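K.L.:
Below: one structure in structure tokens.
The values are calculated or read from the model by the stated rules, or taken from the named source; none is laboratory data. Only a predicted model underlies this, so the values are computations on that prediction, with no experimental measurement involved. No Cβ is skipped: glycine too gets one built from the backbone with ideal geometry, and neighbour counts run over all protein chains shown. Ligands, DNA and RNA are stripped out before the accessible areas are found, and what is left, the full protein with its side chains, is counted by its heavy atoms. Shrake-Rupley method; radii C 1.70, N 1.55, O 1.52, S 1.80 Å.
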Amino acid sequence: MIKVCKFGGTSMSDGMNFRRVADIMNGDPDRRFLVVSAPGKRFGNDSKVTDLLYSAHDALEAGGDFRAAFTKVRDRFSGIVREIGLAFNIDSVLDECEREIEAEKSRDFTASRGEYLSARIMAGLLNVPFIDARDTVRFFEDGRLNDKETFALVKKAIRGKRRAVVSGFYGACPNGKVKTFSRGGSDVSGAIVARAAGADLYENWTDVSGFLACDPRIVENPARIPALSYQELRELSYMGANVLHSEAIFPVREANIPIRIKNTFRPDDEGTDILPAEKYRFTGKTVTGIAGKRHFTVIYLEKSLMNAEIGFTQRVLSVLLEYGISFEHIPSGIDTMSLIIDSSLLDGGVLAKLCADIKQTVRPDHLRVFDDIALLAVVGHGMSRNVGTSARLFSAIAASGVNVRMIDQGSSELNIIVGVDGEDYERTVRAVYREFFGE
Ligand code: ASP
């Protein structure tokens with residue numbers, strides 16, 4: 001059995017936690033390869049090393065005191081090495097990083113040094129080889145992951161090694177320059193290593209005991225989800241359940257490798273299993289989880305006989321394409337359609353221009369804009385098995401006095417998306433949770 005483990009920022013935040021991670025790795029001989037994040041927060045208003053590095057980079061770009069900003073990074077890593085009492089010359093590695101950051105002047109390179117340093121120290125602590133993601137993870141020119149080449153390179157790098165530490169979060173472009181994934185991307189790095197190692201299990205170690213059925217900031221102490229499918233995970237994490245990066249399943253999905261979310265601080269807790277279709281067994285629950293996001297804008301279009309006007313939708317979408325704007329959903333009626341778009345894409349006057357262009361292109365009878373819309377996704381394979389799920393859902397929402405602004409249900413019946421006014425969002429989540437998870 002091969003297990004690949006990824007440890008997130010809180011699991012790497014100080015020397016004691018480095019030791020905790022080492023104990024977890026040493027406690028199971030199947031745990032062969034590990035991918036690490038940069039040190040995260042140690043307490044509430046602490047800074048993540050990645051954020052300290054971004055600030056250092058900003059200082060460098062602005063011609064400010066980069067070295068002073070980098071001192072904070074220095075202190076974090078020297079502190080960790082001191083705490084674990086490792087004979088490792090961290091100062092010279094930090095000096096080298098500082099020189100390289102100044103020479104490269106690249107935001108991604110600077111940010112990547114958090115994972116690089118974490119991985120080097122962890123490799124020292126475990127006394128196993130360090131594998132630099134710069135040499136093994138490859139991106140295409142356009143920024144997408146070159147998965148074939150990456151899997152081959154990682155495979156080659158780990159061949160013949162019983163254990164190894166790989167740095168998370170970054171890789172290299174074809175020209176050798178370092179590029180990072182988006183924030184939280186070490187989850188993707190872990191999945192890549194799991195795939196390349198032909199792992200039986202990808203353990204993702206974090207600071208919570210698995211996925212919760214809804215946001216604990218909204219509902220106190222929500223139920224843990226013991227198991228969910230890749231598809232359910234994708235829906236929930238896309239819609240804001242942020243235990244795992246939303247792209248982390250792609251590398252493992254084709255190889256049917258299950259992911260287990262575990263808590264570094266409570267290693268005996270069961271966690272959550274994320275399973276490929278072939279291993280997934282129906283849990284008996286109608287709804288697996290609820291997630292949601294705020295700050296969407298709806299552009300509502302109405303035009304008589306829209307249904308008969310061939311190419312209407314295509315022309316609307318071609319305007320979006322021109323602006324390089326992606327949409328989330330397009331619920332439609334006979335003579336109506338709504339575009340639901342992440343509001344941040346419409347800032348800085350873009351919304352007004354976009355609406356003017358849409359008006360000119362398709363000449364709707366009415367165009368209206370609703371802002372501050374929240375979307376809530378109710379997700380679960382069980383919904384297609386149980387008649388009356390949407391009746392329960394909407395009765396619960398209605399009973400809480402919330403007006404539903406939009407409904408979208410995929411034909412797979414895996415999810416129902418409900419749009420409500422931003423100010424009603426939390427009330428809606430509570431009502432839906434109570435309906436499907438309340439005693
Ligand atoms: N350190 C990076 C971040 O803070 C990547 C990661 O932790 O996964 O986003």
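K.L.:
Take the alpha carbon atoms of region 1-75, find their center, do the same for region 135-208, and report the distance between the two centers in whole angstrom.
P.N.:
17
K.L.:
Please list 233-240, 6-13, 326-333 highest first by mean number of surrounding beta-carbon atoms within 10 Å per residue.
P.N.:
6-13, 233-240, 326-333
K.L.:
While we're here: Under the rule a/c < 1.5 gives rounded, and otherwise a/b versus b/c splits prolate from oblate, where does the chain land using the Cα gyration tensor?
P.N.:
Prolate is the answer for the chain, as a/c is 1.5 or above and a/b outweighs b/c.
K.L.:
What's the FRET efficiency of ALA103 with ILE325 using the Cβ-Cβ distance as r and R₀ = 41 Å, to the nearest 0.05?
P.N.:
Computed FRET efficiency for ALA103 and ILE325: 0.65.
K.L.:
Next question, about the same structure. With a point put 7 Å past each Cα toward its Cβ, work out how far ARG42 is from SER182 in nm, to one decimal.
P.N.:
In this crude label model, ARG42 to SER182 measures out at 3.1 nm.
K.L.:
Going down the list LYS48/LYS156; LYS72/LYS179; LYS6/LYS179; LYS177/LYS262; LYS41/LYS72; LYS48/LYS279, which pairs span over 25 Å between their C-alpha atoms?
P.N.:
Beyond 25 Å between Cα atoms: LYS48/LYS156; LYS177/LYS262; LYS48/LYS279.
K.L.:
Please identify the helices of the chain, taking whole runs of DSSP H, that span at least 24 Å along their own axis as judged from the Cα atoms and have a mean Kyte-Doolittle score of -0.5 or higher.
P.N.:
The answer, listed by residue number, is 66-84, 107-126.
K.L.:
Further question on the same structure: Return the ratio Rg/(2.2 N^0.38 Å) for region 1-115, where Rg is computed over Cα atoms only.
P.N.:
Ratio of Cα Rg to 2.2 N^0.38 Å: 1.14.
K.L.:
Expected output is a single nm value to one decimal: the length gained when fully extending between ASP372 and ARG144, i.e. 0.36 nm times separation in residues minus the C-alpha distance. What is it?
P.N.:
Value of the extension gain: 78.9 nm.
K.L.:
Starting from the Kirkwood Rh over alpha-carbon pairs, what translational D in µm² s⁻¹ does region 107-186 have by Stokes-Einstein at 20 °C and 1.002 mPa s?
P.N.:
168
K.L.:
At q = 0.10, 0.12, 0.13, 0.14 Å⁻¹, what base-10 log of I(q)/I(0) does the Debye formula yield for region 325-439 when every alpha carbon is treated as an equal point scatterer in vacuo?
P.N.:
Once normalised to I(0) and log-transformed, intensities are -0.37, -0.52, -0.60, -0.68.
K.L.:
Nearest 0.05, what FRET efficiency do GLU423 and ARG281 give at R0 = 51 Å with Cβ-Cβ as r?
P.N.:
Efficiency computed from Cβ-Cβ geometry: 0.80.
K.L.:
For region 130-146, in order, what is each residue's ³J(HN,Hα) by Karplus, 6.51 cos²θ - 1.76 cosθ + 1.60 with θ = phi - 60°, in whole Hz (x at glycine and Pro)?
P.N.:
9, 10, 7, 4, 4, 8, 10, 9, 10, 10, 6, 3, 7, x, 6, 5, 8
K.L.:
May I ask you to compute the full-extension gain from SER304 to ALA62, defined as 0.36 nm times their residue separation minus their alpha-carbon distance, rounded to one decimal in nm?
P.N.:
Length gained between SER304 and ALA62: 81.7 nm.
K.L.:
How many percent of Cα pairs in region 95-152 exceed 17 Å?
P.N.:
52
K.L.:
Right, here's the next one. Just for the chain, what percent of DSSP beta bridges are antiparallel, to the closest 5?
P.N.:
Taking every DSSP beta bridge within the chain, about 60 percent pair in antiparallel fashion.
K.L.:
Further, regarding this structure: Checking a compactness column here: for region 232-322, what do you get for Rg(Cα) / (2.2 N^0.38 Å), N being the number of residues?
P.N.:
For region 232-322, the normalised Cα radius of gyration is 1.63.
K.L.:
Report, in cubic angstrom per residue, the convex hull volume of the C-alpha atoms of region 1-58.
P.N.:
Output value, Cα hull per residue: 72 Å³.
K.L.:
Can you pull the one-decimal nm distance between simple spin-label points at GLN314 and GLU96, each 7 Å off the Cα toward Cβ?
P.N.:
Simple spin-label model gives 5.7 nm for this pair.
K.L.:
I've got another one for you. If you look at just the Cα atoms of region 119-262, how large are its Rg and its Dmax in Å?
P.N.:
15.9, 49
K.L.:
Report ³J(HN,Hα) in whole Hz for each residue of region 363-380, in order, from the Karplus equation J = 6.51 cos²θ - 1.76 cosθ + 1.60 where θ = phi - 60°; Gly and Pro get x.
P.N.:
6, x, 5, 9, 10, 10, 10, 10, 10, 6, 9, 10, 10, 10, 10, 9, 10, x
K.L.:
State whether region 142-209 is rounded, prolate or oblate according to the following rule on the C-alpha gyration tensor (a ≥ b ≥ c being the square roots of its eigenvalues): a/c under 1.5 gives rounded; otherwise a/b larger than b/c gives prolate, and the remaining case gives oblate.
P.N.:
Since a/c reaches 1.5 but b/c is at least a/b, the shape of region 142-209 is classed as oblate.
K.L.:
Enumerate the aspartates and glutamates that LYS285 could reach by cross-link, defined here as Cα to Cα under 15 Å, with residues fewer than 8 away along the same chain left out.
P.N.:
GLU232, GLU413, GLU435, GLU439
K.L.:
Related question: So for region 269-386, Kirkwood radius off the Cα pairs, Stokes-Einstein at 20 °C and 1.002 mPa s: how many µm² s⁻¹?
P.N.:
128
K.L.:
A follow-up question, please. Taking the alpha-carbon distance from LYS303 and a cut-off under 14 Å, which aspartates and glutamates remain once sequence neighbours fewer than 8 residues away in the same chain are dropped?
P.N.:
LYS303 reaches ASP335, ASP365.
K.L.:
At a 1.4 Å probe, what is the % contribution of carbon and sulfur to the accessible area of the chain?
P.N.:
Heavy-atom surface of the chain belonging to carbon and sulfur, 1.4 Å probe: 46 percent.
K.L.:
Just to verify a number: FRET efficiency for ALA152 and LYS353, C-beta to C-beta distance, R0 = 41 Å, to 0.05?
P.N.:
For ALA152 and LYS353, the calculated efficiency is 0.35.
K.L.:
Can you order the peptides 342-352, 423-433 by their average number of other Cβ atoms within 10 Å per residue, highest first?
P.N.:
423-433, 342-352
K.L.:
Please compute the Cα-Cα pair-distance distribution of region 36-177 with 10 Å bins starting at 0, giving whole percents from short to long.
P.N.:
Answer for region 36-177: a P(r) of 11, 39, 35, 14, 1 percent.
K.L.:
Next up: Using alpha carbons only, what's the Rg to Rh ratio of region 348-408 with Rh from Kirkwood?
P.N.:
That ratio is 1.15, to two decimals.
K.L.:
So what is the relative contact order for the chain, in percent, with contacts set as C-alpha pairs under 8 Å and at least six apart?
P.N.:
Reported as a whole number, the value is 13 percent.
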